[in-house]
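Below: the structure, in structure tokens.
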């Protein structure tokens, strides 16, 4: 990985559940998560917005805790989470990110899903 990353802007498939005014490209968050955590690690996002960090964390086999006060953004986050529970959509996300050389191919990561953690905290 170099110190200069060339990433595409947010593409249409990343906005399938609505638009957030400061949404980040999923490729950016995927790279940051891969560079700074191991599979199974917790990722905390105290201002989760549309939960792009959570989507990237989940795709990479990390656990995620996001906090959000705005009901509209929380609804968008939940819709995005439900969307990646579909294996075809999930596989499509992973394929697009790997083919664009945005993230490394995940090693045998199928799905990380927990209704609640051992602390009783939901995914969102």
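The values are calculated or read from the model by the stated rules, or taken from the named source; none is laboratory data. What you see is a predicted model, and the numbers here were worked out from it, not measured in a lab. So basically every Cβ, Gly included, is an ideal-geometry build from the backbone, and we count neighbours across all protein chains shown.
Selection within region 12-36: residues that are out of contact with any helix residue (DSSP H, G or I) (no Cβ under 8 Å at 6 or more places or on another chain) and assigned to a loop (DSSP other than H, G, I, E, B). The member of this set that is modelled with the lowest pLDDT is 21. Scanning region 71-101 for residues that are surrounded by 14 or more Cβ atoms within 10 Å (Cβ to Cβ) and farther than 18 Å from residue 50 by Cβ turns up 94, 98. Given the conditions (1) part of a helix (DSSP H, G or I); (2) under 23 Å from residue 35 (Cα atoms); (3) touching a residue at least 40 places away in the same chain (Cβ under 8 Å), and given that residue 80 satisfies all but one, which numbered condition is not satisfied? Failed condition: (2).
Considering only residues in region 53-70 that are part of a loop (DSSP other than H, G, I, E, B) and touching a residue at least 40 places away in the same chain (Cβ under 8 Å), the one that is surrounded by the most Cβ atoms within 10 Å (Cβ to Cβ) turns out to be 60.
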